[in-house]
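> Just passing along the structure, written as structure tokens.
Please treat every number below as a calculation from the coordinates, not as lab data. Everything quoted here is computed from the prediction, not taken from an experiment. Here the Cβ positions follow ideal geometry from the backbone for every residue, glycine too, while neighbour counts run over all protein chains shown.
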Amino acid sequence: MYFNTINEFIEMGGHGFYIWLSYAIVLGLMGFYYIFSKRLTKKQEQALTKFYRRMNSRNETSVSEQPPLGEEK
Amino acid sequence: MWTWFFQLASPKWFYQFADKLLPWFRWITLVLFLVGLTLGLLFSPLDYQQGNTVRIMYIHVPAAFLSMFVYVVMAISGGIGFIWRIKMAHVVSVSCAPIGAIFTFLALITGSLWGKPTWGTYWEWDARMTSELILLFLYLGFMALHNAFDDRKTADRAAAILALVGIVNIPIIHFSVYWWNSLHQGATISKFEKPSMDADMLKALLTMIVAFQMYFFTVLLQRIKAEILQREKLSGWVKSRVTNLSSN
């Protein structure tokens, strides 16, 4: 190991600020995106559940009760 | 033998394929990161000129390499989708963009933080840094262009053309350190020569590059899954999958 104490490890010979800031940004942003992309599928499933429910209720109600098409994207 | 390759063009098949592979990719990524970070932060030597700041190399170089790799994947898959009209290819291409942008941003910011203690400056308008910044704009432009269209097919095709046109930037980034006088150093790892780097440093660097690579595949597959669900929402298999999930 190239460090004798934990303080040496944190100090990094005086360059600690740059090194630890770099690692924090990289690991932080990549960690965030990993969790974000994982949750995207779940969010998509929730949105689709609502979408299918609205489609079903639209099919069940009579034509005159439904709002005109083209109102929603 | 090639049937499995053509099966990838089917969104349903790709989705199930992604589901099967993801646990493996996630674990391999985690292990590689733990090993690589340990090697890089604890078991690799100081540089005789730069001291400890050389440790930024273990995150800067992988990020920069991946920023270019992801762009090539994005451009080629966009091109495949454009030429052969395979919608899964466009799914891959569009999913690559935000990840590539993140890698490019990380390469730029770690490079900047490495440059200040090493060369006394956060930024120089030299060839490599400028072309990497242009790469970031290309990624953001790709995402903005894709969002600008209401019709998804047109959006896919327009964005694919942008990706293909921008691919000239990749060799520019790579060769810039040879073609122009640059603050940046030349390549240490080459196919043709023995690397000039210390063995312990090389071990840490290669581990981190593979770790970043596995991370890319992990996050890409996760992103593609969500994209497939959205694009295929009117198909039977997505409907039954989502409704079965909500009833469980």
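> If a/c stays under 1.5 just call it rounded; otherwise compare a/b with b/c (prolate if a/b is bigger, oblate if not). Do that for the protein assembly as shown, with a ≥ b ≥ c from the square roots of the Cα gyration tensor eigenvalues.
The shape class here is prolate.
> Given the DSSP H assignment, sum -39500 (n - 2.57) over each helix run of at least 4 residues in the protein assembly as shown and divide by its residue total; what's the result at 222 nm in deg cm²/dmol, nearest 500?
-26000 deg cm²/dmol
> Report the calculated FRET efficiency for B:L202 and B:A144 (r = Cβ-Cβ distance, R0 = 45 Å), to the nearest 0.05.
After rounding to 0.05, the efficiency reads 0.70.
> Evaluate the relative contact order of chain B (contact order divided by residue number), counting alpha-carbon pairs under 8 angstrom at least 6 apart; express in whole percent.
Over chain B, the number comes to 31 percent.
> In percent, what relative contact order does region B:29-151 have, based on Cα pairs under 8 Å that are 6 or more apart in sequence?
Reported as a whole number, the value is 24 percent.
> Here is a further query. Kirkwood Rh over alpha-carbon pairs of chain B, then Stokes-Einstein at 37 °C and 0.692 mPa s: what D in µm² s⁻¹, rounded to an integer?
166 µm²/s
> List the equivalent ellipsoid semi-axes of region A:6-59 in whole Å, largest first, each obtained as the square root of 5λ for an eigenvalue λ of the Cα gyration tensor.
Output for region A:6-59: semi-axes of 48, 7, 5 Å.
> Can I ask one more? Filter the cross-link list A:K42/B:K153; A:K43/B:K20; B:K20/B:K203; A:K38/B:K203; A:K50/B:K87; A:K42/B:K20 down to pairs whose alpha-carbon distance in this structure exceeds 22 Å.
Violating the 22 Å Cα-Cα cut-off are A:K42/B:K153; B:K20/B:K203; A:K38/B:K203; A:K50/B:K87.
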